[in-house]
Every structure is written in structure tokens, then in C-alpha cells.
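What follows is a single structure, written as C-alpha cells, with notes after it.
The values are calculated or read from the model by the stated rules, or taken from the named source; none is laboratory data. Keep in mind that this is a model prediction, so the values were computed, not measured. Note: ideal-geometry Cβ built from the backbone for every residue, glycine included; neighbour counts use all protein chains shown. Just so you know, the surface numbers come from the protein's heavy atoms only, side chains and all, with ligands and any DNA or RNA stripped out. Shrake-Rupley method; radii C 1.70, N 1.55, O 1.52, S 1.80 Å.
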Amino acid sequence: MKKLYLVFVSILACGALQAQYAGGGVPNSAAIGGQTNSVSARVFAQLLGSIDDAENKRKELELSSIQGSPYTSNEFASTTLFYGEDKVRDVYYRYNALNEEIEVKKTLSPEEGYRALAKDKNINILVEGNKLAFNTFITSKNRTLNGYLAELYKGKEYKLYKRIMVKYTEGQDAQNSFVAAVPARFTQFTEYYFKKKDVNRIDQIHQKNGKFLKQLDGEMISDVKNYINENNLNLKNEYDLVKVFEFLDQK
């Protein structure tokens, strides 16, 4: 038996659910009730955490006093939910980058609450045509973390990923009439990661040329350095970074 533990720990939705299914791929209907349709409403329900609508609304009101947002977009957008390569259904989503939760709804009805997808590496959605999925990766400070990465480029030898995260900073009251109060705020950051074929790890990219070149195989360094310089590429620019990995994949 393969176990899937669905854990939902969000500042905007609460509760937890555990589910269990047999075999690989999308959980089949025989494992959850004997229906013939392998992608059923029950399968969809297995990929979700639980919800408390009243608690959601109360906490959303509290967020209105904080600058910025924990979301990459406050509005729900349409996407397709997959389990592995198998399509489960079309849904609406928004990404809580503070808590690294994908919140989903079946409709845009304001009466329908949202739920968080389980943090299972087989579950993924499409965001602007790119796959967003839960992964394990290693930061530039050599910390091994789990979180969501969006696949920006998929080549024969390299994959390039983007990570969006949000940090929360507490506000500060005014100390006197000459100093203004500082409101609490959410601040968004972006990181980039890459994976080389046959290497079982995903590493954060150093976006300074010298440090990035040291992350490459020795025989690649000179060619990549020349390519960056000749084309005046900036590794802090996402479009330029994709071009570098397209070049790497051709070598």
C-alpha cells in the first residue's frame, strides 16, 4: 500500500485530512469505492486538505491591514490539476507563497470555500504553461528544503526552476510624534534553481557570474562565460537566464 498523508497547515485555511490508496499513478476508483471512472470526484477529494469557511473569511479580513499580499495573485485563476502525467480535472487556484500552499476551488462562486492541495510530489498544476510542483531542493546556503518550484525550462540535459516566496515582517508602532508607525508587510522574493540530468539534486543558482560558473562542469565554464559576455546577458534577468540554459543544453 502506498500512503498519501494530506497535511493542511495554512494561515488562511485550517484542518487536516489523511487518505490512503493503492498502487501508483492517479488513485484508482477501485481503491476508493469501486467506481469505473478512474478520475472521479472522490479522487479529487483525496488530493485536498479540509476547510473552515468561517475561519477563512475572518483571517482574510485581518490580512487587509497588512501591506502586500501572501499570494502571487489575490484572484483565483483557471488551471489544470494533474497527478503525475494524468489529468485529474480543471480547477481554479491561487498560490499562497508565504505558506507555500496551492489553494483550489472547483468554481469561482464566492459561496464555495477553497482547499489546499496535499504536498505530494506527484501533484502538479500548470501556471502560465509551466508545471508547478512540490520538490526538494538545496539553497545557496546548503540547506535542504521542501517547497513549490515552477519549471521554466526543460531541456535534454538541464531543467530550470523558479521559486517565489513571501516573507512577513511585523509592524512597529510609532515611538513618538516625530517617527511614523511602520505597518506590517509581506515582501515577495524570487529564486532560481537548476537540475542536471542524472544528478539527483536541485540546486539554487548563484546569480553572480563568477559563482554561477563555478556551479558548472569545468569544460563548460569558458564557453558559457564567453556566451554571457558576447550577448551581454544578466543572470538576474529571467529571460537571459533561460537563454543561458538553452545554450548549456546545446553543448
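Within segment 239-251, the set of residues being assigned to a helix (DSSP H, G or I) and either under 16 Å from LYS208 (Cβ atoms) or open to solvent by 70 Å² or more (accessible area, probe 1.4 Å) (or both) comprises TYR239, ASP240, LEU241, VAL244, GLU246, GLN250.
Among the residues of segment 208-238, those that are part of a helix (DSSP H, G or I) and surrounded by fewer than 12 Cβ atoms within 10 Å (Cβ to Cβ) comprise GLY210, LYS214, GLY218, GLU219, SER222, ASN226, ASN229, GLU230. Considering each residue of segment 224-241 in turn, at least one proves to be at pLDDT 95 or above and in contact with a strand residue (DSSP E or B) (Cβ under 8 Å, 6 or more places away or on another chain). Whenever a residue of segment 122-141 is among the acidic types (Asp, Glu), its partners that are open to solvent by less than 50 Å² (accessible area, probe 1.4 Å), lying with C-beta atoms within less than 9 angstrom and at least six residues away or across chains, give the pairs GLU128/ALA150.
Here ASN135 does not fit the description of being farther than 24 Å from PHE186 by Cα, modelled with pLDDT of 95 or more and assigned to a strand (DSSP E or B).
Remark: GLU103 matches the filter, which requires a residue to be part of a strand (DSSP E or B), within 18 Å of LEU48 (Cα to Cα) and among the charged types (D, E, K, R). As a summary of the residue check, ARG115 satisfies the conditions (1) within 16 Å of THR72 (Cβ to Cβ); (2) modelled with pLDDT under 95 except for the one numbered (1). Scanning segment 230-248 for any residue that is touching a Ser or Thr at 6+ places or on another chain (Cβ under 6 Å) and in contact (Cβ under 8 Å) with a residue 24 or more places away in the chain turns up nothing. Scanning segment 144-163 for residues that are in a loop (DSSP other than H, G, I, E, B) and either aliphatic (A, V, I, L, M) or open to solvent by less than 20 Å² (accessible area, probe 1.4 Å) (or both) turns up nothing. For segment 167-207, the set of residues classified as of a type in the set (Val, Ile, Thr), at pLDDT 95 or above and surrounded by 13 or more Cβ atoms within 10 Å (Cβ to Cβ) consists of ILE202, ILE205, listed by residue number. Number of residues in segment 86-100 that are assigned to a strand (DSSP E or B) and under 16 Å from ILE164 (Cβ atoms): the value is 4.
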